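These notes are about the structure you will find just below.
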Amino acid sequence: MSHDRILTSHVGALPRPPGLPGLAPTAADAPPVDVARAVDEVVAHQRACGLDIVNDGEFGKISFLHYVRDRLSNMTTRPLRPGELHSADAVALRDMQRFPAYFQARGGAFGRGRAVYECTGPVRYTGQSAIATDVRHLRQALQANGASQGFLTSISPLTVSLAMPSLHHRNEEEYRIELADALREEYHAIVDGGFMLQIDDPGFAHAWQAHPEWTLDDCRAWCAHGVELVNYALRDLPPDRVRFHMCWGSYHGPHVVDVELHNLIDLLVRINVSCYSIEGGNARHEHEWQVFSDFKLPEGKSLMPGVVSHATDTVEHPELVAQRLMRFAEGVGRERIVAGTDCGMMRVHPEICWAKLEALSAGARLASQRLWRRAA
Ligand SMILES: [Zn+2]
């Protein structure tokens, strides 16, 4: 809740310095990266762009999802087998069936050459030291830059189970409960460290793409299961310290068969957090602000719509950002809106990313002036 202006944040991944370990191979000539210093710089950059709720750019891990390889036991990788569909491509499966030549030409949803991740034994959390380092780096960077509000992201057990199947567990349920129990150690470390925890759960909505055989009822059953699972993992964490990010997968593509927000919104808001991050800044999902004309966001909850997007290199005009925010404010109330991004912004070029985050802040200032002056 903000009582005098719209606060600003983003979804997590920011442009990474060359040499920082990631999913792509590091260039041989890249200089070694001092992660603490890189986090300090990325916090300074966010503050310079006018962002209020800032993070470490996800520099402490290789990606929003695949980092579990380094923090959960028995998560292994192997090369893709000939003819095998990568689980990352499955998140665009309905799109792929409709646009086969397009996806063939671009090498799937995320390009070729990615390893397959599988679980091959019991799941335990082994990332205690890594998450403690993430917390320490962000705390130092906030202090150094005069920032008071920080967030750290952590993956949902639902999305891990979708992207990284288990060869070990007797059934999906057993696997997901183990994932939830393991990941909640990380959730606690983030909240105990004094930061907002952001649960990343793209699999909540894009499982629909991965299962073309599903009916809408099947999809809703999946999401209802996801609500129970995430709430189980969050069971003793304060909801006002947790927000939930859902999206329709970060891949660039048509997205014409994404499940619609109005089909899921009643389930989404049952997740026991205080803020929901959704897409609202791209050509496929922007219109969904209308959902909140009819659907009443429950008391005490806020919304962080994307008002700039990773989906296009075109930098949003601050006036458009302000318009987007004002539409959401109309349905939800100005105090309950946080200006956000559709998904992780490292999907666009670093120069474009920072320009978009500046536009986000500028647009939020415009919307705040109009929303609060109008009410005065
Ligand atoms: Zn996302």
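Here Glu213 meets the list (1) surrounded by fewer than 24 Cβ atoms within 10 Å (Cβ to Cβ); (2) touching a residue at least 40 places away in the same chain (Cβ under 8 Å); (3) outside any helix (DSSP H, G or I); (4) not hydroxyl-bearing (Ser, Thr, Tyr) almost entirely, failing just condition (2). Can you find a residue that is more than 20 Å from Thr133 (Cβ to Cβ), in a loop (DSSP other than H, G, I, E, B) and not hydroxyl-bearing (Ser, Thr, Tyr) anywhere in region 32-39? Checked region 32-39: no residue is more than 20 Å from Thr133 (Cβ to Cβ), in a loop (DSSP other than H, G, I, E, B) and not hydroxyl-bearing (Ser, Thr, Tyr).
For Thr341, state whether it is closer than 25 Å to Arg16 by Cα, at pLDDT 95 or above, of a type in the set (S, T, N, Q) and within 16 Å of the ligand (Cβ to nearest atom).
Answer is yes for this residue.
When region 203-249 is filtered for residues that are within 16 Å of the ligand (Cβ to nearest atom) and out of contact with any helix residue (DSSP H, G or I) (no Cβ under 6 Å at 6 or more places or on another chain), the ones remaining, listed by number, are Ala205, His206, Val230, Arg243, Phe244, His245, Cys247. Here Arg136, Arg184, Arg176, Arg170 are screened, and the one residue that is in a loop (DSSP other than H, G, I, E, B) and over 24 Å from Val338 (Cα atoms) is Arg170. Asp258 satisfies every condition listed in (1) assigned to a loop (DSSP other than H, G, I, E, B); (2) away from the ligand (no atom under 16 Å from the Cβ); (3) of a type in the set (Asp, Glu) except (2). Filtered by the rule that a residue be of a type in the set (Gly, Ala, Ser) and surrounded by fewer than 16 Cβ atoms within 10 Å (Cβ to Cβ), region 220-252 gives Ala221, Ala224. Restricting attention to region 277-291, the residues that are more than 16 Å from the ligand (Cβ to nearest atom) and either in contact with a Pro (Cβ under 9 Å, 6 or more places away or on another chain) or small (Gly, Ala, Ser) (or both) total 2. If you go through region 103-138 and keep only what is over 19 Å from Val68 (Cβ atoms), surrounded by fewer than 16 Cβ atoms within 10 Å (Cβ to Cβ) and at pLDDT 95 or above, you end up with just Arg136.
Taking the criterion of being of a type outside the set (A, V, I, L, M) and in a strand (DSSP E or B), the residues of region 278-331 that qualify are Ser302, Pro305, Gly306.
The values are calculated or read from the model by the stated rules, or taken from the named source; none is laboratory data. The model shown is predicted, which means the values in this text are computed figures rather than measured ones. Counting neighbours? That spans all protein chains shown, and the Cβs are built from the backbone with ideal geometry, glycine included.
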